[in-house]
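Contents: one structure, followed by commentary.
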Amino acid sequence: MSAEDIERPPHRKIIHIDMDAFYASVEQRDHPEYRGKPLVVGGGPEGRGGVVATASYEARKFGIRSAMPSKQAVKLCPEAIFVFPRFAAYKEVSQGIRAIFARYTDLIEPLSLDEAFLDVTEDKLGIGSAMEIAKQIKQAIKDELRLTASAGVSINKFVAKIASDMNKPDGLTFIGPSSIENFMEKLPVEKFFGVGKVTAQKMKGMGLHTGADLKKLTEHELTRHFGKTGRFYYHIVRGIDNRAVQPHRETKSMGAEDTFGSDLSELDEMHEELDKIAEKVVTRLQRYQLKGRTLTLKIKYHDFKQITRNQSFAIGIDDLVTIQQTAKALLEATDTTKKIRLLGISLSNFGDNQQGAVKEISGQLRLFN
């Protein structure tokens with residue numbers, strides 16, 4: 001039998017749906033007085049100030065972005081309206097969005113409240129066209145929830161996700177099999193999965209600015225410079241991403257953290273806050289019957305410098321005393337003379353203790369005072 005006689009498996013049909021300025025759009029939908037105005041959802045700029053969770057498109061025109069300190073946001077746009085997030089409302093809307101997805105497929109992988117991957121290779125309604133399904137989903141979200149979403153359609157998750165961000169808001173972008181490799185060659189390296197600011201600077205220092213530049217390196221060279229992720233770069237720049245849409249993604253970590261209204265300078269204060277955070281973590285672990293073998297302490301100082309420290313155990317833990325004592329020991333092994341803005345504790349490495357699919361909203365509130 002020749003290679004031509006071997007039937008190749010059909011391409012998958014993947015849709016990535018990403019809501020447009022989700023929190024801000026829900027607020028503008030529910031509060032007419034916010035419509036058409038620069039709206040920021042997050043902690044206000046008063047006092048030491050909070051952090052921007054999301055901003056309306058009117059606010060984004062001024063350069064306001066997610067994770068930006070609210071004090072900086074108000075400097076960019078003094079007339080911006082700041083509102084505290086209503087997570088219960090956002091979660092309810094998210095459930096409505098998920099119900100719309102479920103009309104078409106059961107292969108839904110939520111990434112957060114406002115975005116998800118859908119595998120519609122075999123859709124429930126027999127529509128066949130991923131583009132048509134994406135159009136119908138967008139229209140249903142608009143008609144039933146009075147919100148807009150952007151969609152990316154392709155044959156794999158990586159490209160679909162990039163496509164959904166190309167024509168926001170209310171966008172719909174298709175990148176087909178024949179154009180993927182050319183598209184990836186033109187893609188700036190900072191758009192690649194796993195490439196943050198530091199890695200992007202390293203790449204550019206090596207003369208790697210686009211996917212075409214990455215493509216010149218062998219798989220061995222990429223892994224030598226960038227570790228295991230280098231293997232992913234090697235394949236994805238060639239349009240190869242075989243990751244499946246996972247309806248039941250395993251929980252990788254679970255934790256909680258708090259940003260304080262004023263910086264902590266005394267060890268007793270730090271211990272007290274760690275005790276409170278540990279209680280939240282234990283409540284979440286026990287709710288989902290999880291035990292983690294690795295505890296990670298996160299510290300952000302007053303100057304926004306951030307460090308993490310971790311401790312691993314032979315067996316999984318979920319008891320309050322062990323978590324509190326370990327977090328305090330990790331803290332005391334650092335420089336406790338510096339003022340601390342944020343503390344966080346998380347458990348990971350669940351292994352056989354993983355009890356199923358959990359997508360915890362924990363961490364959303366941590367952005368705000």
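Quick note: the coordinates plus some simple rules give every number you see, no bench work behind them. What you are looking at is a predicted structure, and each value in this text was computed from that prediction instead of being measured. We place every Cβ from the backbone using ideal geometry, glycine too, and count neighbours over all the protein chains shown.
Within 10 Å of each residue's Cβ, count the other Cβ atoms and sort Val120, Val282, Val321 from fewest upward.
So the residues, fewest neighbours to most, are Val321, Val282, Val120.
Between helix 130-145 and the chain, what is the angle of the helix's C-alpha long axis to the longest principal axis, kept within 0 to 90° and rounded to the nearest 10?
Tilt relative to the chain: about 50 degrees.
Long-range amide H contacts for Thr148: which residues qualify at under 5 Å (H placed 1.01 Å from N, peptide plane, sequence gap of 5 or more or a different chain)?
The list, which skips near neighbours in sequence, is Asp20.
How far apart, in nm, are two points set 7 Å out from the Cα along the Cα-to-Cβ line at Lys305 and at Val321?
Reported label-point gap for Lys305 and Val321 is 3.6 nm.
By how many degrees, between 0 and 90 and to the nearest 10, does the Cα long axis of helix 267-287 differ from the longest principal axis of the chain?
Long axis of 267-287 versus the principal axis of the chain: about 40 degrees.
So how strong a dipole does segment 78-193 carry about its Cα centre when Lys and Arg Cβ are +1 and Asp and Glu Cβ are -1, to the nearest 20 debye?
200 debye
Determine which lysines satisfy two conditions relative to Lys215: a Cα distance under 23 Å, and not lying fewer than 8 residues away in the same chain.
Lys215 reaches Lys157, Lys161, Lys186, Lys191, Lys197, Lys202, Lys204, Lys228.
What is the sum of charges, Lys and Arg at +1 and Asp and Glu at -1, for the other residues whose Cβ falls under 12 Å from the Cβ of Asp18?
-2
Let me have the 222 nm mean residue ellipticity of the chain computed from DSSP H runs of 4+ only, each contributing -39500 (n - 2.57), with the sum over all residues rounded to the nearest 500.
Values: 13 runs with 135 residues, N = 369.
For the chain, the value works out to -11000 deg cm²/dmol.
Can you put Glu33, Glu115 in order of Cβ neighbours within 10 angstrom, beginning with the fewest?
Listed from fewest to most nearby Cβ atoms, that is Glu33, Glu115.
Between Glu92 and Arg35, what FRET efficiency follows from the Cβ-Cβ distance if R0 is 22 Å, with the result rounded to 0.05?
0.60
Multiply the residue gap between Ile127 and Glu144 by 0.36 nm, knock off their C-alpha separation, and tell me the result in nm, one decimal place. Before the final figure, lay out the partial values.
Numbers: separation 17, 0.36 × 17 = 6.12 nm, distance 2.08 nm.
Contour length minus Cα-Cα distance gives 4.0 nm.
Which ³J(HN,Hα) values in Hz, rounded to whole numbers, follow from the phi angles of segment 225-240 under the Karplus curve 6.51 cos²θ - 1.76 cosθ + 1.60, where θ = phi - 60° and Gly and Pro get x?
Whole-Hz 3J(HN,Hα) from phi for segment 225-240: 8, 10, x, 4, 4, x, 5, 5, 4, 4, 7, 5, 5, 9, x, 9.
Taking amide H atoms as placed 1.01 Å from N in the peptide plane, list the residues 5 or more away in sequence, or in a different chain, whose amide H sits under 5 Å from that of Ile317.
Gly292, Arg293
Can you give me the relative contact order of the chain as a percent, contacts being Cα pairs under 8 Å and 6 or more apart?
Answer for the chain is 15 percent.
Pulled fully out, how much extra length does the chain show between His220 and Lys339, if you take 0.36 nm times their separation in residues and subtract their Cα-Cα distance?
Here the answer is 38.5 nm.
Relative to the Cα centre, what is the charge dipole magnitude of the chain, using +1 at the beta carbon of each Lys and Arg, -1 at the beta carbon of each Asp and Glu, and rounding to the nearest 20 debye?
Its charge dipole is roughly 740 debye.
Sequence-distant or interchain residues sharing an amide H contact under 5 Å with Asp123, placed H: which?
Long-range HN contacts for Asp123: Gly128.
By count of other Cβ within 10 Å, fewest leading, how are His248, His271 ordered? Walk me through the intermediate numbers first.
Numbers: His248 8, His271 15.
By the 10 Å Cβ count, ascending, the order reads His248, His271.
Using a cut-off of 14 Å between beta-carbons, work out the net charge of the residues near Asp303 (Lys and Arg +1, Asp and Glu -1, Asp303 not included).
+4
Relative to the Cα centre, what is the charge dipole magnitude of segment 10-175, using +1 at the beta carbon of each Lys and Arg, -1 at the beta carbon of each Asp and Glu, and rounding to the nearest 20 debye?
380 debye
Helix 320-332 against the longest principal axis of the chain: what's the angle in degrees, Cα atoms only, rounded to the nearest 10?
With both axes taken from Cα atoms, the answer is about 80 degrees.
For the pair Ser262/Lys197, report the inter-label distance in nm, with labels modelled 7 Å from Cα in the Cβ direction.
Spacing of the two 7 Å Cα→Cβ label points: 2.9 nm.
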